[in-house]
Amino acid sequence: MAQKPKTLQELRALSKPLRNINIESQEKLNKLDRLAFFITKKVGSPGFFLIIFLWTIFWIGWNILAPDTLRFDPYPAFVLWLFISNMIQILLMPLIMVGQNLQGRHAEFRAEADFEVNTKAELEIETILLHLERQNELILKILNHLENEKGSKNVQ
């Protein structure tokens, strides 16, 4: 015998309310996390890379090619700019990693929410299939009953 499908009320009782992981994740961030997330988002952009790259090229090029009187950081002093850029990298790297960790945590929350939705959908689909199987059985019984009645009327 086929398994009895769950009723709509039983499905509603089993289901949890859907969560918006994006909002939940944002609410859990403290100010430092928000700052790291903001910096990661901005520093990890092609625009930021382009600005730093062009500024470095300009700085080094100006201090090598410009007339001596216009150089603001003549050779070998522009090595200071390389030192500063390395310091920027050293300071930004941990912030970027923190931001990536936050993004990874957010992705895990989204995956968990997706799993919950998929589990709920699977249960609902299973219930629908059980209802369809039950309807097929009932339709077959009705058809058999109609055929039997038709056959018994033809005999008379």
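Restricted to the stretch 88-137, and to residues there that are farther than 27 Å from ALA13 by Cβ and β-branched (Val, Ile, Thr), the residue that is surrounded by the fewest Cβ atoms within 10 Å (Cβ to Cβ) is ILE90. Of the candidates GLU137, GLU116, GLU112, GLU147, the single residue that is in a helix (DSSP H, G or I), in contact (Cβ under 8 Å) with a residue 60 or more places away in the chain, farther than 21 Å from GLU27 by Cβ and among the acidic types (Asp, Glu) is GLU137. Between LYS153, LYS141, the distinction of being loosely packed, with under 10 Cβ neighbours inside 10 Å and over 30 Å from PRO17 (Cβ atoms) belongs to LYS153 only.
Taking every residue in the stretch 92-104 that is closer than 8 Å to ALA36 by Cβ and pairing it with any residue that is at pLDDT 75 or above and of a type in the set (Gly, Ala, Ser), at least 6 positions away or on another chain, the pairs with Cβ-Cβ distances below 6 Å are LEU95/ALA36; VAL98/ALA36; GLY99/ALA36. Applying the criterion of being of a type in the set (Val, Ile, Thr) and under 30 Å from LYS31 (Cβ atoms) to the residues of the stretch 50-87, the residue that is surrounded by the most Cβ atoms within 10 Å (Cβ to Cβ) is ILE52.
The values are calculated or read from the model by the stated rules, or taken from the named source; none is laboratory data. Bear in mind the structure is a predicted one, so any value in this text is a computation, not a measurement. Ideal geometry is used to build each Cβ from the backbone, glycine not excepted, and the neighbour counts take in all protein chains shown.
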